[in-house]
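S.K.: Quick one: this structure, given as structure tokens, is what I'll be asking you about.
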Amino acid sequence: MQNNQRHFVIAGVLVVVSTFLVYWLLDAVLKLPIQGSGQAFEIDQLFDYHIWLIAFLFSLITVFMLYALVVFRHRADEDEDKEGEYFHGNVRLEIAWTLIPLIFVVFFSFESTRVLINITREDPNEYVINVEGYQWGWNFTYPETGLVTQELVLPANQPIRLDMTSRDVLHNFWVPEFRVKQDLLPGFTPQVLRFTPVETGEYTVVCAELCGLNHTGMNAIVRVVPQDEFAAWMNQQVASR
Ligand SMILES: [Cu+2]
């Protein structure tokens, strides 16, 4: 094997090993909250592709850089005037570093669009709740009964559509466990957010758009409950009005 090729093979193997190591490290450190909505699975898959890509690119750059620094370092017994080989270009390398990123960009565009279409798709069976954000809190209105609450109670495994508006400034509805998030724009037709809660439990809506002094306090409780429990809660709320 030519000496040049040997260097490429060794560095290539090191890039692969390093990619797995960096991925493993990032995966261990960057823990996401539980997957509380049906949409979370596909979104996390996209996150995962990105982590692989980041691990690979990081390894590609650092391994070649460190390899060159160590293997081609100046040695004491070396001729002082010795210079590296001079060359104008390398067609094969240029084709490779154009084609490979192109394939990545096309793949990521395709996958992101596919996921975006999937997670925003209308469901004929969706349950609509109106959301109003304001400085600094949330109102939830159930149009079915006219009930207004400060906590968001959701039936599990039921596709939800939130029609959201803002009373004053920009806000953003975000429940990290559901992964999806959406800005609330004052003065516009309602912004729509769709998701299907799949895990019962208690979560927090946080405002994810800096909106003033008490932005960080702009939270509300979200409770995802079984469907029969949701119906009972709704009846009890309506009866006690
Ligand atoms: Cu806000």
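The values are calculated or read from the model by the stated rules, or taken from the named source; none is laboratory data. Remember, it's a predicted structure, so these values are computed and weren't measured experimentally. Glycine gets a Cβ as well: all are built from the backbone with ideal geometry, and neighbour counts include every protein chain shown.
S.K.: Take the residues in region 159-179 that are crowded, with 18+ Cβ neighbours inside 10 Å and of a type in the set (Val, Ile, Thr), then tell me which one is farthest from the ligand (Cβ to nearest atom).
M.R.: Ile160
S.K.: Conditions first: (1) loosely packed, with under 13 Cβ neighbours inside 10 Å; (2) within 16 Å of the ligand (Cβ to nearest atom). Gln182 passes all but one, so which condition is the exception?
M.R.: So Gln182 meets the others, but not (1).
S.K.: Could you grab me the full set of residues in region 185-215 that are more than 14 Å from the ligand (Cβ to nearest atom) and exposed (fewer than 13 other Cβ atoms within 10 Å of the Cβ)?
M.R.: Within region 185-215, the subset more than 14 Å from the ligand (Cβ to nearest atom) is 187-190, 192-203.
Answer for region 185-215, where residues must be more than 14 Å from the ligand (Cβ to nearest atom) and exposed (fewer than 13 other Cβ atoms within 10 Å of the Cβ): Gly187, Phe188, Thr189, Glu202.
S.K.: Output the number of the condition that Ser59 fails; it satisfies all remaining conditions of (1) surrounded by 16 or more Cβ atoms within 10 Å (Cβ to Cβ); (2) among the polar types (S, T, N, Q); (3) modelled with pLDDT under 95.
M.R.: (3)
S.K.: State all residues of region 194-228 that are without any contact (Cβ under 8 Å) to a residue 60 or more places away in the chain and closer than 30 Å to Ile117 by Cβ; if no residue qualifies, say none.
M.R.: Of everything in region 194-228, those that are without any contact (Cβ under 8 Å) to a residue 60 or more places away in the chain and closer than 30 Å to Ile117 by Cβ turn out to be Thr200, Thr204, Val206, Ala208, Glu209, Leu210.
S.K.: Restricting attention to region 9-48, report how many residues are crowded, with 16+ Cβ neighbours inside 10 Å and aromatic (Phe, Trp, Tyr).
M.R.: Result for region 9-48: 1.
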